[in-house]
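Structure record follows, encoded as structure tokens.
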Amino acid sequence: RVAAELKYKLRHFRECFYIPKIRDLPPVDLSLVNKDENAIYFLGNSLGLQPKMVKTYLEEELDKWAKIAAYGHEVGKRPWITGDESIVGLMKDIVGANEKEIALMNALTVNLHLLMLSFFKPTPKRYKILLEAKAFPSDHYAIESQLQLHGLNTEESMRMIKPREGEETLRIEDILEVIEKEGDSIAVILFSGVHFTIDSTGCYVGFDLAHAVGNVELYLHDWGVDFACWCSYKYLNAGAGGIAGAFVHEKHAHTIKPAFFNCV
Ligand SMILES: *Cc1c(COP(=O)(O)O)cnc(C)c1O
């Protein structure tokens, strides 16, 4: 019932987006479908649909650029110089954070690197990064290059965990078992989405929220997540090149110095 009510409440937002028509998409078996119909779009995990207002907003900014150039940094509806700060108030609720815990900047993978530089400080005893075996390729490469940056052997230091034979998702008990067994040597745990809440002692837990932000409710602060990053062009529909985000929990305000950035 809650889902049905929510669907009704959110329904009008559908009108705010352009939904591709089947006839404009790469060929499918057209005998099966009415090609004048809207497609049923399941690719928000790759690129969210275009909000109808985007063109208007972009034109306003292009106009401003044309008319007043550098003065646009400081004046107008959306002064460019505080472009990130003007959306922090909206973003903090989407990820469940305090304003002071987030920075909106760059792209997801850049933010992941900055966060790893902040949190991954390997020692001879604690030097591993635990992640999913089928992590998103760019996440996998980012972790690999972080290990290389510290002169670590990637085979030895990337502890990958995969679902059981015939299963699609990781079981919490399996993750906990790895943490129990190898916890002392793990420096950082990086997972995607929100499948897990992990109580780990001695290592940091970070999340890649690419597929979670704008899709499910997030409470990064209350959950005590150490760090997280996300992008805005998937379920947040910001379009390619949209500004990404980084989160560092308030509890680290005095212990972790974010590498090369500050939260708001
Ligand atoms: C989409 C996605 C990315 C993409 O990162 P970019 O820096 O925007 O290329 C990274 N990780 C995950 C898990 C993703 O789903």
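Quick notes
- Residue within the range 168-187 that is aliphatic (A, V, I, L, M) and at pLDDT 95 or above present: yes
- Subset of the range 233-264 that is more than 19 Å from Asn98 (Cβ to Cβ) and of a type in the set (Gly, Ala, Ser) - its residue that is modelled with the lowest pLDDT: Ala259
- The residues of the range 122-148 that are within 14 Å of the ligand (Cβ to nearest atom) and within 23 Å of Glu177 (Cβ to Cβ), listed by number, are Leu131, Glu132, Ala133, Lys134, Ala135, Asp139, His140, Ile143.
- Listed by first and then second residue, the pairs linking a residue in the range 125-150 that is in contact (Cβ under 8 Å) with a residue 60 or more places away in the chain to a residue that is aliphatic (A, V, I, L, M) and in a helix (DSSP H, G or I), with Cβ atoms under 7 Å apart and 6 or more places separating them unless they lie on different chains, are Ile129/Ile143; Ile129/Leu147; Leu130/Val178; Leu131/Ile143; Asp139/Leu112.
- Residues in the range 58-79 that are surrounded by 12 or more Cβ atoms within 10 Å (Cβ to Cβ) and touching a residue at least 12 places away in the same chain (Cβ under 8 Å): Glu60, Glu61, Lys64, Gly76, Arg78.
- So Ala187, is it surrounded by 20 or more Cβ atoms within 10 Å (Cβ to Cβ), of a type outside the set (D, E, K, R) and over 12 Å from the mean Cα position of the chain (by Cα): yes
- Residues that are outside any loop (DSSP other than H, G, I, E, B), touching a residue at least 60 places away in the same chain (Cβ under 8 Å) and more than 16 Å from the ligand (Cβ to nearest atom) within the range 92-112 comprise Ile94, Glu99, Lys100, Glu101, Ile102, listed in sequence order.
- Of residues in the range 211-227 being crowded, with 18+ Cβ neighbours inside 10 Å and without any contact (Cβ under 8 Å) to a residue 60 or more places away in the chain, the one nearest to the ligand (Cβ to nearest atom): Ala212
- Residue check, Lys64 over 26 Å from the mean Cα position of the chain (by Cα), assigned to a helix (DSSP H, G or I) and either on the phi < 0 side of the Ramachandran plot or not hydroxyl-bearing (Ser, Thr, Tyr) (or both): yes
The values are calculated or read from the model by the stated rules, or taken from the named source; none is laboratory data. Predicted model, so just to flag it, every value in this text is computed and none were measured. FYI the Cβ positions are ideal-geometry reconstructions off the backbone, even for glycines, and counts take in every protein chain you see.
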